[in-house]
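Down below is the structure, laid out as structure tokens.
The values are calculated or read from the model by the stated rules, or taken from the named source; none is laboratory data. Everything quoted here is computed from the prediction, not taken from an experiment. Cβ: placed from backbone, ideal geometry, glycine included. Neighbour counts: every protein chain shown. For accessibility, only protein heavy atoms count, side chains too; no ligands or nucleic acids. Shrake-Rupley method; radii C 1.70, N 1.55, O 1.52, S 1.80 Å.
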Amino acid sequence: LSGAGESIAIFDAGFNTDEAFRAGSAFAEMQSKYNAGRVSIPGDLLSSTSSHGNQVASIAAAGRDSQGYNYYLNATGQRYPGFVGNAFDLLNHGMMGVAYNASLILNDVDSLNTLPLLASAVDAAAQQGAVVQNNSWGLSAQTGRPFNRARVLTLPSSLPEAVVAGDRNAAYNWLADYTGFTASNWQDYLGALERFQNTGVVVTALQNDFFAREPSLMAALPQVVPDLKPAWIAVGSIDSAGSGPSIARISAPCGATAPYCLVVDGNEVTGAGLNNVGGSSPGYSYGQTGTSFAAPQVSGMVALLAEAFPSLTPEDLVTRLIATANNSFFTPTGERSFSAEISHGYNEEFGHGIPDFYAALQPITSGARPLGF
């Protein structure tokens, strides 16, 4: 599986500009995909000193190093690791995304700076055939800058009874009061997310604050509009690199998102970062840690599953990842039922656990894992 024939929409900020791709100054793993016509840029990619969006996109679907580029040469002809100093002295290869043959649709949330614009971009991504959208960003109440990965609005510990009961107008009005956007803005955006789920999965990153009691509002939107839950995955971050069987949480807990949350190793992840030409520190962005870099691993998995099972619905794809996740390292406190015979346990810290992609490709039976486990 390589993601061939599938498309992943990335909603983020900090990409190479469109001009950088045209000039051939993007990293080879991204440039080869762009040159092959597998990177779509429907709007504006704003110039930025951040490489956040590039890293996220590359983790999901950067091209394989054999796709026509000498992966250790940068655009100026310097062999790497030389052009990134000594950070990669022991590494003589590049990196590739989880679904390295998938197409990418890059959307800059800093240019889509209103919810109606974002809603239109979500609709456009669905029309382009995206099977998954990745959201490694957070909502902020700052005036004029709604999308900010540094200031993340958290889900309050309690919601109004009408919202919990599923009253849509109450949900839109509550979101308007809490965030500063209008109720109609929220109606536009949440409607677009629902329409997207007819053909694709929504993947969101939890926040990185280890001590936070609740996940980010973006990750927990299904708590406000329950109809979003079936094809939604929230992703937390763990460190599984230590010796022994211990798994350490390094982000906020899944919290309220636990019924639709997975955790992935997001510790010190390498991505294709800043463009090779220009900037004070061009090079691979190594050692990046956070849920931003865990989420695109799951988005890549969704694309691979869609390739393997082209007839499955987005809800079916989510079921395969969640119902087969490895939750053997914690005690479940609740369970999500997928049928009369199949359920899977979760807890508020780790959600359903770590995706077991091999298991997700196999028949899922009641004997695969005991009920609740």
Residue-wise HN-Hα coupling along region 202-207, computed from phi with Karplus coefficients 6.51, -1.76, 1.60 (Hz; x: Gly, Pro): 9, 10, 10, 8, 5, 7
Roll a 1.4 Å probe over the protein heavy atoms and report the accessible area of Glu307 in Å², nearest 10. 50
Hand me the trypsin sites (Lys or Arg not before Pro) from region 149-221 located in a DSSP loop with no more than 15 other Cβ atoms within 10 Å, in residue order please. Arg151, Arg213
Which loop-located chymotrypsin sites (Phe, Trp or Tyr not before Pro) does region 156-238 contain, where loop means any DSSP state but H, G, I, E or B and the Cβ has at most 10 other Cβ atoms within 10 Å? Phe211
Phi angles of region 328-343, converted by Karplus (6.51 cos²θ - 1.76 cosθ + 1.60, θ = phi - 60°) into ³J(HN,Hα) in whole Hz with x for Gly and Pro, give 6, 9, 8, 9, x, 10, x, 8, 10, 8, 10, 6, 5, 9, 10, 9
Under 5 Å between amide hydrogens, which residues at least 5 positions from Val201 or on another chain qualify, with H placed 1.01 Å from N in the peptide plane? Val132, Gln133
